[in-house]
Amino acid sequence: MKKMTLGVNIDHIAVLREARKVNDPDILQALYVACESGADQITIHLREDRRHIQDSDVKNIISLSKVPVNLECSINREILDIVASLKPHRATLVPEKREEVTTEGGLDVFGFSSEISYAIEQLHDALIPVSLFVDPTIEAMEQSKELGAEMVELHTGHFANLFNMLNSALPYSNHSVKELELPRYELSSRLEQALEEIKKAATYANKLGLEVAAGHGLNYQNVHEMMQIEEICELNIGQSIIARSVFTGLSDAVKEMRKLISRHV
């Protein structure tokens with residue numbers, strides 16, 4: 001089996017910092033700790049509204065990181081100009097809505113094909129490899145290849161919601177996913193279907209010559225399901241690691257996730 005690469009998303013360090021508009025916690029300290037604790041990659045998202053990661057953060061992280069930096073961004077022309085000038089190791093194009101709490105759903109590779117094609121061309125001109133954050137469907141894999149991306153990141157949010165509604169206290173909390181308040185047998189069936197869709201998409205993408213990553217909603221309880229899919233070579237995980245770090249410290253939180261996704265060749 002291929003080694004599974006761990007991309008640690010440190011956006012939520014910046015979320016906490018921006019809550020009080022002070023330089024605490026220091027995102028560069030988070031960068032250093034994550035790198036030293038087993039992160040193979042640092043992932044950050046430069047949002048149009050700059051709600052957490054700032055332009056200066058991106059510049060500093062790219063210039064100081066000891067591991068590759070995966071910069072998530074929208075297809076906004078202003079954002080693309082910034083990304084092209086800063087030259088991260090990879091750019092991942094994601095959908096973005098101002099009103100959303102976090103990125104929900106994959107990039108619409110059909111409805112915005114011309115804009116995505118332009119974005120990929122601009123980033124390639126800057127010698128930046130491109131990944132597309134997409135829903136796990138065969139059609140999305142084909143379109144991603146057609147548009148010229150080198151990689152896809154499969155959106156695992158639906159799978160994660162199903163898993164958590166079935167295997168955690170989420171249904172009894174204020175954050176229960178209303179549309180998934182279903183009988184357990186129905187949740188179990190849908191979870192199996194969601195996992196199968198991810199497997200099929202990963203296998204097909206791999207046959208097309210695309211590298212395959214996965215992310216969104218992955219945590220210490222559900223990540224083992226991704227480990228069974230050999231075609232997935234990278235996981236990008238943020239919120240659950242940062243949440244765990246509140247109690248264990250960031251170093252131990254990263255090390256624990258690194259241990260969970262280690263594959264024995």
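The values are calculated or read from the model by the stated rules, or taken from the named source; none is laboratory data. Just so it is clear, the structure is predicted and the values come from calculations on it, not from any experiment. All Cβ positions, even for glycine, are placed from backbone atoms using ideal geometry, and neighbour counts span all protein chains on display.
List of remarks:
- Options N206, N219; residue that is within 26 Å of C73 (Cα to Cα), surrounded by fewer than 23 Cβ atoms within 10 Å (Cβ to Cβ) and out of contact with any helix residue (DSSP H, G or I) (no Cβ under 8 Å at 6 or more places or on another chain): N206
Residue by residue, here is whether (1) under 26 Å from E196 (Cα atoms); (2) at pLDDT 95 or above holds:
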| site | (1), (2) |
| --- | --- |
| L64 | no, yes |
| E100 | no, no |
| Q122 | no, yes |
| E139 | yes, yes |
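- A Cβ distance below 8 Å, combined with a sequence gap of six or more or placement on separate chains, defines the contacts here; from the stretch 63-76, residues that are within 19 Å of M151 (Cβ to Cβ) reach residues that are among the small types (G, A, S) and modelled with pLDDT of 95 or more in the pairs V67/A39; N70/G7; N70/A91; N70/S131; L71/A91; E72/A91; C73/A91; I75/A119.
- The listed residue being touching a Gly at 6+ places or on another chain (Cβ under 8 Å), surrounded by 20 or more Cβ atoms within 10 Å (Cβ to Cβ) and without any contact (Cβ under 8 Å) to a residue 60 or more places away in the chain, out of I53, I120: I120
- Residue check for A194: small (G, A, S) and in contact (Cβ under 8 Å) with a residue 12 or more places away in the chain: yes
- Matching residues in the stretch 235-257 - criterion: being in a helix (DSSP H, G or I) and either crowded, with 18+ Cβ neighbours inside 10 Å or modelled with pLDDT under 95 (or both): S240, I241, I242, R244, S245, L250, A253, V254, M257
Every residue, every condition in (1) under 25 Å from L195 (Cβ atoms); (2) free of Cβ contacts under 8 Å to residues at least 60 places away in the same chain; (3) within 19 Å of the chain's Cα centre (by Cα), yes or no:
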| site | (1), (2), (3) |
| --- | --- |
| V109 | yes, yes, yes |
| D125 | no, yes, no |
| E142 | yes, no, no |
| F163 | yes, no, yes |
| A169 | yes, yes, no |
| H175 | yes, yes, no |
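- Residues (surrounded by 23 or more Cβ atoms within 10 Å (Cβ to Cβ) and in contact with a helix residue (DSSP H, G or I) (Cβ under 8 Å, 6 or more places away or on another chain)) located in the stretch 131-157: L132, V134, P136, A140, M141, S144, A149, V152, L154, T156
- Members of the stretch 1-39 that are without any contact (Cβ under 8 Å) to a residue 40 or more places away in the chain, over 15 Å from G249 (Cβ atoms) and part of a loop (DSSP other than H, G, I, E, B): K21, V22, N23, D24
- Residue in the stretch 186-197 that is under 30 Å from T248 (Cβ atoms) and either of a type outside the set (A, V, I, L, M, F, W, C) or within 19 Å of the chain's Cα centre (by Cα) (or both) present: yes
- Residues being in contact (Cβ under 8 Å) with a residue 40 or more places away in the chain and farther than 21 Å from S262 by Cβ - total across the stretch 197-216: 9
- Subset tally (residues that are in contact with a helix residue (DSSP H, G or I) (Cβ under 8 Å, 6 or more places away or on another chain) and of a type in the set (S, T, Y)) for the stretch 49-87: 1
- Candidates in the stretch 45-81 are the residues that are part of a loop (DSSP other than H, G, I, E, B) and of a type in the set (V, I, T); of these, the one that is nearest to H12 (Cα to Cα) is I53.
- Subset of the stretch 11-66 [basic (K, R) and under 24 Å from K87 (Cβ atoms)]: R47, R50, R51, K59, K66
- V152 over 18 Å from G106 (Cβ atoms) and not small (G, A, S): no
- Any chance P95 is closer than 19 Å to D11 by Cβ, in a loop (DSSP other than H, G, I, E, B) and without any contact (Cβ under 8 Å) to a residue 40 or more places away in the chain: yes
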